[in-house]
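**Student:** Below is one structure. I have some questions about it.
Just so you know, all these numbers are worked out from the coordinates, no wet-lab data involved. Values in this document were obtained by computation on a predicted structure and should not be read as measured data. Don't worry about glycine lacking a Cβ; one is built from the backbone with ideal geometry, like all the others, and counts go over all protein chains shown.
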Amino acid sequence: MHDFLLIDDNETFAALLMRSFVRRKLNLQWAKNSEEALSQSARFDGIILDLNLDGESGLRLLPLLKEKHPESKIIVLTGFASISTAVSAVKLGAVHYLPKPATVSGILQAFTGNEEHAAATEIAAEPPSLKRLTWEHIQYTLEQNEGNVSATARALNMHRRTLQRMLAKHPVKK
């Protein structure tokens with residue numbers, strides 16, 4: 001039996017995914033935050049990491065997981081996919097980056113490597129709009145400033161409150 005760890009703060013999503021894994025005769029353990037995830041001592045074949053853990057970035061947890069579970073493959077799931085976070089996740093050691101909603105088949109294929117990197121292809125398939133490019137640039141600059149909104153606002157030459165309002169909105173789809 002294969003063992004997996006899901007790190008996600010959404011209890012409903014976790015319950016659905018756990019039932020789907022059980023139906024496939026796979027073991028899925030759930031951690032709802034970084035503390036619970038890092039306290040896990042079991043050996044996992046794969047780790048499914050949500051990018052947004054109740055306001056905390058999953059990207060900050062990724063290197064710690066790689067250090068604690070070097071043999072585990074890690075995929076990142078997110079409801080707010082962006083090219084900059086996908087690149088950052090892969091650089092930090094993720095084997096795949098999937099936008100939510102992701103199917104169980106898609107998640108398992110990401111671990112086995114049978115699927116082409118559809119998420120990146122899907123995002124880059126059609127030219128992004130100006131609004132999407134702006135969102136991507138803001139996310140990239142925010143990542144470069146380690147999540148510091150004030151430093152990001154200075155780097156973008158904009159008022160901090162304006163940036164905070166932009167970040168509070170959902171990302172642009174196209």
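**Student:** Go through [x] 33, 19, 14; [y] 29, 18, 14; [z] 25, 22, 16 and flag the label whose value is the computed semi-axes √(5λ) of the Cα gyration tensor in Å for this structure.
**Tutor:** [y]
**Student:** Pull up all non-local amide H partners of Leu77: gap of 5 or more, or a different chain, and H-to-H distance under 5 Å with H placed in the peptide plane.
**Tutor:** Leu49, Asp50, Leu51, Leu98
**Student:** Any chance you could count the Lys pairs in the chain whose alpha carbons are under 20 Å apart, treating pairs 8 or more apart or on different chains as valid?
**Tutor:** Eligible lysine pairs with Cα atoms under 20 Å apart amount to 15.
**Student:** In whole Hz, with x marking every Gly and Pro, tabulate ³J(HN,Hα) for region 41-56 from phi via Karplus 6.51 cos²θ - 1.76 cosθ + 1.60, θ = phi - 60°.
**Tutor:** 10, 5, 8, 10, 6, x, 10, 9, 10, 6, 6, 10, 9, 6, x, 9
**Student:** Which whole-Hz couplings ³J(HN,Hα) result when phi for each residue of region 7-20 is put into the Karplus expression 6.51 cos²θ - 1.76 cosθ + 1.60, θ = phi - 60°, listed in order with x for Gly and Pro?
**Tutor:** For region 7-20, the Karplus-derived couplings read 10, 7, 8, 8, 5, 5, 4, 4, 5, 5, 5, 5, 4, 5 Hz, x marking Gly and Pro.
**Student:** Counting pairs of alpha carbon atoms under 8 Å apart in space and at least six apart in sequence, what relative contact order in percent does region 5-101 give?
**Tutor:** 25
**Student:** A further question on this structure: With an 8 Å Cα cut-off and a minimum separation of 6 or more residues, compute the relative contact order for the chain in percent.
**Tutor:** On the way: 232 pairs, mean separation 27.5, N = 174.
RCO, the chain: 16 percent.
**Student:** Continuing with the same structure: Between Asn157 and Leu38, what is the spin-label point distance in nm, taking each point 7 Å from the Cα along the Cα→C-beta axis?
**Tutor:** In this crude spin-label approximation the distance works out to 3.9 nm.
**Student:** For a Förster distance of 30 Å, can you work out the FRET efficiency between the beta-carbons of Ala15 and Lys66, rounded to the nearest 0.05?
**Tutor:** Numbers: r = 27 Å, r/R0 = 0.90.
The computed FRET efficiency comes out at 0.65.
**Student:** State the extension gain, in nm to one decimal, for the chain segment bounded by Leu133 and Val22, taking 0.36 nm per residue of separation less the distance between their alpha-carbons.
**Tutor:** Working: separation 111, 0.36 × 111 = 39.96 nm, distance 4.00 nm.
The Leu133-Val22 span can extend by a further 36.0 nm.
**Student:** Count charges around Val87 for me, please; just the other residues with Cβ under 13 Å from its Cβ, Lys/Arg as +1, Asp/Glu as -1.
**Tutor:** Neighbourhood net charge equals -1.
**Student:** Once phi is turned into θ = phi - 60°, what whole-Hz ³J(HN,Hα) does the Karplus curve with 6.51, -1.76 and 1.60 give for every residue of region 27-32, x standing for Gly and Pro?
**Tutor:** Using θ = phi - 60°, the values come out as 8, 10, 9, 10, 10, 8 Hz.
**Student:** Around Arg43, under 10 Å between beta carbons, what's the net of Lys plus Arg minus Asp minus Glu among the other residues?
**Tutor:** -3
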